[in-house]
Amino acid sequence: MIKFIGFLFGLTISILGGHILSEKILEKLRKDNTDITKPAGRNKNGDNYNWLLGCLERFVYTMALIMNFEWFIGVWLGMKGIGRWTGNKDYGVLLRGKDDKSNIIEVNHARAAVVNIFLIGNLISLIAAAVGAYIIKITGIDCLSLF
């Protein structure tokens, strides 16, 4: 029973702790960078489900770490990175108050900020997953026996 509680505690730290931490930090970074508008692709309620993807990623990262499938994290991050770099050329960035995109330097700075925030969010998720996986591992639960 103690092992199972440790397992649930580790997942909670990973998923919920990572979510709270990433929301606070990323919201602050987005507010500090006035060149970035809200991401496109939101539904009618204003939600684009990034929070859900983040929670699922932290769960999968945690499970991959405790089951020694670390390679999967690299594959997933590679796919996300390629999608981010080859996707929309503006990366969802609009310069406030600028109808004319002739100022390439400002657009590139805004793009760099969006990509950096994306990378910071991924690092927060990885750190939260690593902490959760560590907690699970020290409880001594054999996660492969769960499945």
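Per-residue extension of 0.36 nm, minus the Cα-Cα distance of Leu29 and Val60, leaves a gain of 8.6 nm for this segment.
Using Cβ contacts closer than 10 Å as the measure, can you line up Arg84, Arg58 from fewest to most?
So the residues, fewest neighbours to most, are Arg84, Arg58.
For Asn48, the amide hydrogen comes within under 5 Å of the amide hydrogens of Asn43, counting only partners 5 or more places away or on other chains and with H modelled in the peptide plane. First measure r as the distance between the Cβ atoms of Asn116 and Leu53, then evaluate 1/(1 + (r/R0)^6) with R0 = 25 Å and state the FRET efficiency to the nearest 0.05. The pair Asn116/Leu53 has a calculated efficiency of 0.85.
Here, each number is a calculation from the coordinates, and none is a lab measurement. Predicted, not measured: the structure shown is a model, and the values here were computed from it. Glycine also receives a Cβ, built like all others from the backbone with ideal geometry; neighbour counts cover every protein chain displayed.
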